[in-house]
Amino acid sequence: MIIDKDVLKLLSSEKPQKTRKNKYNNKTITVDGVFYHSTNEYRRECELKNQQRAGIIKDLERQITFSFDVDGVHICNYILDFRYTIGERDIVVHEDFKGVITDVFRIKSNLMKACHGIDVWANKKVNAHCGLEYPQ
């Protein structure tokens, strides 16, 4: 008796895993149980932690959620990659690490300005130097 491979797949309790290619070719990574959307986002956090240890920045936070609600209606959420303070100047930086600036990012960063009064810095460099490339 010959059994078709497709029939075996249907009879099997295991569902085949679909591997979906990321639209922007970034590779997700999990380090010590922490999920990062890209290896560059992970590298950027490592760099920021080094800057914090050196006293260049302080109050580093990761994955901060902001809500956009209009007249009691929830529109969407925005998850910011990093928020920190530049030590010497006490300037709070809201940073989103981006390989590609998308239309969705542009809309949400405009919503951040309109709803929360916050300018979001779209950083595209892992080793950005404090104070030289940050928004003024």
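Derivation of every value follows stated rules applied to the coordinates shown; laboratory data play no part. A quick note: this is a predicted structure, and the numbers were derived from the prediction, not measured. No Cβ is skipped: glycine too gets one built from the backbone with ideal geometry, and neighbour counts run over all protein chains shown.
Using the basic label-point model (7 angstrom from Cα toward the beta carbon), what is the ILE101 to HIS116 distance in nanometres?
Distance between label points: 2.0 nm.
Kirkwood Rh, region 24-123, all Cα pairs: how many Å?
Across region 24-123, the inverse of the average 1/r is 14.6 Å.
Going highest first, how would you order 78-89, 101-112 by mean Cβ packing within 10 Å?
Details: 78-89: 17.2, 101-112: 14.2.
The packing order, highest mean first, is 78-89, 101-112.
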